[in-house]
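Comments concern the structure below.
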Amino acid sequence: MSPKRLFCETEPCLEQPFEKKRPRLTFASIIGDVVMVNSQNHLLKALEPLLRRVVNEEVDRCLLRYSRLLPRASSLRIQALEPSSFLLYFVNNLPSTIFTGSKITDVESQPLRIAVEAGADNPAFQVYSAMKIEIVVLDGDFASGDKQDWTAEEFNASIVKERSGKRPLLHGEMNITLRDRAATIGDIEFTDNSSWIRSRKFRLGARIVDWSDSDKNRPRIREAITEPFVVKDHRGELYKKHYPPMLHDEVWRLEKIGKEGVFHKKLSNYNIKTVQEFLKLFTIDPQKLRRILGVGMSERMWKATVKHAKTCELGNKVYMFRAPNVLLILNPICEVVRAMIDDQIYSSPDLPNIPREYLNNLSRQAFDNWHSLQDFEGNFREPPLITQGRLEMKKPVII
């Protein structure tokens, strides 16, 4: 048997520590450690301002949210307990479209008026008989739907200000004085269109301003608002078409004819400057009118222009053309509406009994002498007569 292995019983042998093998340090490993530490330091320094800003914004946002909710909730509770007994309102209605740079008027081109409704007969109202009113612009979506009432805070929050770098949205007399419970708004106009807000529409609003300290306990007077409307740039008004066109409208008001465009210039060269002149030539010689406009106007464009022109309101004016044994009554676009030929009277239903070529020739003579024709306002109830061998007309009856 092999002898047993004996443990070392000496003290130095018991105290010998177990030493791990340390990794060998190289120059490359030392450089790598330094680069890694520097990169982490730079990253932390770069992130620090960003993190600070994000945290600050979130804190500010939360504080602002709660600060708005508290006073708003209390004001809503107070106003719910004290409903307004006086109401401002606009007396007249605005058109659905308003153009920049044009005076704001009602649908009948009359100045806008503001008045007070309800409670105006209350003796307490006499204290507030002279009040300052400010005209403001509101978002078109404000008070939409069935909403008939709102708070002062809601009204103020819907006021629209001008775009960055633009002039004030309203220009003119925005501050007026309410006297005897009514006031007339002076000259005000928009300086910008409404296409840049979400609703694409504005409203006008009116609110009471400049209350004195003694009026702190006054009853609330609810603000006035108009119906929503669109505001377009003034250049759109300068070039817009009319529906329906009027006889005296310039011919470029018709569809497919642009102001100072090719077709406009071609028509002007033939002295066709108004819608009436366009329709007169179309009645007498439509082929000539088509040739004037030329091949640049397609058949589809031609039909659209003529269709628009035919919607023109002709009014009640009629014209009288005289020739030997002939009298024609024509409407403003040179269409014969009544005739008397050789003592034979032809009303509108009877006109087809006249040979077409003969009647067309008479109409052309009337067209060529248009400026010498006698005109009357109104419709004729009595037919023309021949007396003593001469054509005579009874006195026209205007209806």
>> Name the single residue that is modelled with the highest pLDDT among those in region 179-194 being outside any strand (DSSP E or B) and open to solvent by 60 Å² or more (accessible area, probe 1.4 Å).
In response: D187
> surrounded by fewer than 16 Cβ atoms within 10 Å (Cβ to Cβ), assigned by the TED database to the domain that holds V136 and either touching a Pro at 6+ places or on another chain (Cβ under 9 Å) or not in a loop (DSSP other than H, G, I, E, B) (or both): does that describe K166?
Replying inline: no
> Do we have any residue at all in region 140-151 that's surrounded by 13 or more Cβ atoms within 10 Å (Cβ to Cβ) and in contact with a Gly (Cβ under 7 Å, 6 or more places away or on another chain)?
Replying inline: no
>> For region 320-331, which positions are touching a residue at least 24 places away in the same chain (Cβ under 8 Å) and either under 14 Å from R364 (Cα atoms) or in the same structural domain as L281 (by the TED database) (or both)?
In response: M320, F321, R322, A323, V326, L327, L328, I329, L330
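Per-residue answers, yes or no, for (1) in a strand (DSSP E or B); (2) over 27 Å from F86 (Cβ atoms); (3) among the hydrophobic types (A, V, I, L, M, F, W, C):
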| residue | (1), (2), (3) |
| --- | --- |
| E134 | yes, no, no |
| L138 | yes, no, yes |
| S144 | no, no, no |
| K147 | no, no, no |
| W150 | no, no, yes |
| S199 | no, yes, no |
| G205 | yes, no, no |
> Which one of the conditions (1) modelled with pLDDT under 90; (2) closer than 21 Å to P286 by Cβ does E377 fail to meet, given that it meets all the rest?
Replying inline: (2)
> Do we find that E173 is open to solvent by 30 Å² or more (accessible area, probe 1.4 Å) and touching a residue at least 40 places away in the same chain (Cβ under 8 Å) in this structure?
Replying inline: no
> Here are some residues: N156, N217. Which one is at pLDDT 90 or above and of a type in the set (S, T, N, Q)?
Replying inline: N156
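The values are calculated or read from the model by the stated rules, or taken from the named source; none is laboratory data. The model shown is predicted, which means the values in this text are computed figures rather than measured ones. Here Cβ is always computed from backbone atoms with ideal geometry, including for glycine, and neighbour counts include all displayed protein chains. For the accessible areas, the whole protein counts, side chains as well, though only heavy atoms, and no ligand, DNA or RNA atoms are used. Shrake-Rupley method; radii C 1.70, N 1.55, O 1.52, S 1.80 Å.
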